[in-house]
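The values are calculated or read from the model by the stated rules, or taken from the named source; none is laboratory data. Remember, it's a predicted structure, so these values are computed and weren't measured experimentally. Every residue, glycine as well, gets a Cβ built from its backbone with ideal geometry; the counts of neighbours run over all protein chains shown.
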Amino acid sequence: MINLSRRTFTFGLSAGSAAVGVSPHPTFAQGQPQGQASSTTQGQADHAKSLPPAAQFKIGRFTITALADGYADMPFSYFPGRDAKQVEDMANTMAMAKPGGVRFVFNQYIVDDGERLILIDGGPAGTLGKTGRLPSAMVAVGIRPDSIDAIIITHMHQDHMGGLVAGGRQNFPKAEVYVDRRDVVHWTDPAKRASAPDYLKASFDISAEMMRLYPKLQQTNGNHQITRGVSLVDLTGHTPGHIGVRVEDGGQSLLMVSDMLFPVVHPAATDINFLFEQDRDAAKAMRAKFFPRAAEEKALIAATHMPFPGLGRIMSDAGKMRWMGAEWAYQDL
Ligand SMILES: [Zn+2]
């Protein structure tokens, strides 16, 4: 009989986690990231190498590469609308409870239309949890920061912008940067910073750094086409200028919805927020509108914090919403 006890898993994981522990991650601040191969020691050579997560899928003529900047575990008490015990129970039911709470991944997407590379969001870059891994993930797939032509910031929370300004540098020197005007107005307002809770101050500070380092940043207004087949979609709620990105070609489409969904609590409920949402009613209203529509259309969705690569669909079981991970590999079969 196969023993699937926790003990078995613990032993199984220890070799892999040892390898992770000694792999240095290049950072944007260190300049041009170095390849991981150079850091391999003799001792590691006998074990499977730790690979950064990467997934690639096609939407018509677009190739989309999903990478990750890392993860952070959010305490069960960070979800207004339910108390910590209720959120922990939900997480346990799904076998998704971590000792530190609910695990948020920071998925990053690079859209390649054959001519231009568009990065969606930049990750927290070490300002939260175990993050700062986007540079090494990009090295692993052979994409250099200076080959990114454009960056879409879905909103100005620190976990979506940090990588652009980490180390106080313009880490994507050739990229045009797009942000919704409503978020720029909000996150650069000194009065709003002064009255904001402490946990939001970093987002104000990184926003100021963004405006300083990317003076040509383009402020958009809600729905807006960036290039043929790539459009911004107004998803105001999570922040005033929260946007998604629709990639569409040849009858296929993907909607990257950023923070419309958080693991464990969404899409089953719309009356559960995340702590960082200042206008909770607005966030709830957008989810209440979006979840049923996405379910009806069986829309292919990518979400920043859902389990890697964050690709899935909202399904309705007699009105009860659930997340269904979508297959992404072997799309040619
Ligand atoms: Zn986020």
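Residue-by-condition table, conditions (1) closer than 17 Å to Gln108 by Cβ; (2) surrounded by 20 or more Cβ atoms within 10 Å (Cβ to Cβ):
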| position | (1), (2) |
| --- | --- |
| Val245 | yes, yes |
| His266 | no, yes |
| Asp271 | no, no |
| Glu296 | no, no |
| Thr304 | yes, yes |
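Inclusion of Ala302 among residues that are within 15 Å of the ligand (Cβ to nearest atom), more than 23 Å from Ala84 (Cβ to Cβ) and either in a loop (DSSP other than H, G, I, E, B) or under 21 Å from the mean Cα position of the chain (by Cα) (or both) is warranted. All of (1) outside any strand (DSSP E or B); (2) at pLDDT 95 or above; (3) surrounded by fewer than 15 Cβ atoms within 10 Å (Cβ to Cβ) hold for Met315 with one exception: (1). Taken residue by residue, region 269-276 has at least one member that is within 16 Å of the ligand (Cβ to nearest atom), aliphatic (A, V, I, L, M), touching a helix residue (DSSP H, G or I) at 6+ places or on another chain (Cβ under 6 Å) and within 29 Å of Lys201 (Cα to Cα). For region 230-255, what are the residues that are in a strand (DSSP E or B) and either within 16 Å of the ligand (Cβ to nearest atom) or of a type in the set (Lys, Arg) (or both)? Across region 230-255, the qualifying residues are Ile243, Gly244, Val245, Arg246. Scanning region 126-172 for residues that are among the small types (Gly, Ala, Ser), within 16 Å of the ligand (Cβ to nearest atom) and either at positive phi or not in a helix (DSSP H, G or I) (or both) returns Gly126, Gly129, Gly132. If you go through region 104-125 and keep only what is on the phi > 0 side of the Ramachandran plot and under 11 Å from the mean Cα position of the chain (by Cα), you end up with Asp121, Gly123.
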